[in-house]
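Please treat every number below as a calculation from the coordinates, not as lab data. Because the structure is predicted, anything quoted here is derived from the model rather than measured. No Cβ is skipped: glycine too gets one built from the backbone with ideal geometry, and neighbour counts run over all protein chains shown.
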Amino acid sequence: MSHNPDIDRLVDKGLSISITGNYLVVQNIFYLDSQKELCKGALISVFTGTERIQMQDHQMYFCGTHPCFVDGSSITGLGGGPLNPQLKVGELIAERSFSHKKTTNGAMRDYLDWYEKVMEYVGLICTPPMDVFGEQASPFKYSEFSDQKDLIFHFRDTLTSRAFISDLAQRFENEVIGIIGLGGTGSYILDFMVKTRVKEIRGFDVDLFYAHNAFRSPGKTLETELEESKAKVYQERYENFRTGISFCKKNIVEGCEEDLMGCTFVFVSVDKGEARRVIFEILQKLKIPFIDVGMGLNRNNDVIGGQLRTTYFDPENAAKIIAENWAPLTDGPDHVYRRNIQIAELNALNACIAVMKYKKLMGFYAHDETSYNIGLNIDSTRTKHND
């Protein structure tokens, strides 16, 4: 409020104002419907900024039917129309948009501040019911302000509100994600999941962060991070962005079931077949769905070729898919791994495919429910479907 005296004026005027996510909400907006009945709705406006919030545009969104004059005819000049899809903000559902500008000396102009914008819309919508019902229909008797702090992100999530996908983002709020392996692909999976509205992220990696890791991981690298544990590096890199992250300097081996208990989904990004086998057994035992990623690149004369793989294992079909041997559960000679090529853009692409698959499973993206193995060659792609 100290950064927005215009909003402070609205509360002093008696309005009920709240900040929910990246929306300014005005509750207790009384209006008349086409049957001249007294109804109560809410006005919603998208904003930008963090401390001092600014109007994105002159539009407002309304929870309710179209407001009417005393005679039951629709109020003119509000513009806009029905929303499809509707805008969901917390428990509120905005069913229509309004597009109304301030008029001065016969010319339309943008609003100077929040006070002018909100009072203009409130005056248009609430005057007819106040003329009929008096104080009962007044929105100016509440004088409330609340700022609902985000329990996950330390910054306001202005991305989802701008795109009108806040309701889709909320589908992840009860998710507890495990990421086993924070190497090239695992670190990019982590980066994407940190920015997803999941409740908790648990990361596991016993290795140290070396210079070569900096060339295939996201974010800014500090010289002081070199030869620190990856768990510590990523904890410090992301804890200023969100809550609910914890990274352990350890491998997931036999007897580590407790570390994964409570996880709703796990990403596996390890480079050893034997380690993968143990992890798969634990995840099967705990009945946790998971995605395993793999990369096999090699230099052939003067070009690099190979394949990226993303395989989804659901609890019901995990044993069957494991038996198809998409994800190797044994190790080749050590010298083969030492020559393994990792490239940042391919690590990131592999992580993208894995995270997109997970979000498809959560209903965030449209998807083909039958695909469980995605292979991407440098020059072609293919998918494997359930029979």
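Which GluC sites (Glu not before Pro) in the range 99-179 pass both tests, a DSSP loop state and at most 14 other beta-carbon atoms within 10 Å? Let's see the in-between values first.
Details: sites: GLU116, GLU120, GLU135, GLU144, GLU173, GLU175; in loops: GLU173, GLU175.
Listed in order of number, the matching sites are GLU173.
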With Rg and Dmax of the Cα atoms in Å in mind, check (1) 24.3, 80; (2) 25.8, 91; (3) 26.7, 85 and report the label derived from this structure.
(3)
Order of PHE313, PHE30 - criterion: other Cβ atoms within 10 Å of each residue's Cβ, fewest first
PHE30, PHE313
Ratio of Rg to Rh for the range 5-151, alpha carbon only, Kirkwood?
0.94
Could you work out the relative contact order of the range 5-151? I mean the mean sequence separation of Cα pairs under 8 Å and 6+ apart, divided by the number of residues, in percent.
32
Partner aspartates and glutamates whose C-alpha sits under 17 Å from that of LYS101, ignoring same-chain residues fewer than 8 away, are ASP57, ASP110, ASP113, GLU116, GLU120
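What ranking of CYS63, CYS39 emerges when the number of other C-beta atoms within 10 Å of each C-beta is taken as an exposure proxy, fewest first? Intermediate values should be presented prior to the final figure.
Working: CYS63 21, CYS39 16.
Fewest-to-most ranking of CYS63, CYS39: CYS39, CYS63.
Looking at the chain, what % of its DSSP beta bridges pair antiparallel, to the nearest 5?
For the chain, the DSSP antiparallel bridge percentage is about 75.
Restricting to Cα pairs below 8 Å that are 6+ residues apart, what does the relative contact order work out to for the chain? Please round to a whole percent. Walk me through the numbers on the way to the answer.
Values: 720 pairs, mean separation 49.2, N = 387.
It rounds to 13 percent for the chain.
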Fewest-first ordering of VAL70, VAL89 by Cβ atoms within 10 Å yields VAL70, VAL89
With Rg from the Cα atoms and Rh as the Kirkwood inverse mean 1/r over Cα pairs, the range 164-203 has an Rg/Rh of 1.03
Counting helices only, and only those DSSP H runs with n ≥ 4, report the 222 nm mean residue ellipticity of the chain as the sum of -39,500 (n - 2.57) divided by its residues, in deg cm²/dmol to the nearest 500.
-8000 deg cm²/dmol
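Once fully extended, how much extra length lies between ASN377 and LEU38, figured as 0.36 nm per residue of separation less the alpha-carbon to alpha-carbon distance? Write out the running numbers ahead of the final one.
Working: separation 339, 0.36 × 339 = 122.04 nm, distance 6.27 nm.
Full extension from ASN377 to LEU38 adds 115.8 nm.
Sorting check: for 239-245, 20-26, 252-258, which peptide has the highest mean count of neighbouring beta carbons within 10 Å, and how do the rest follow? Walk me through the intermediate numbers first.
On the way: 239-245: 15.0, 20-26: 21.4, 252-258: 13.3.
The peptides rank, most packed first, as 20-26, 239-245, 252-258.
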In vacuo Debye sum over C-alpha of the range 173-385, base-10 log of normalised intensity I(q)/I(0) at q = 0.09, 0.12, 0.15, 0.18 Å⁻¹, listed in q order, is -0.33, -0.60, -0.97, -1.46
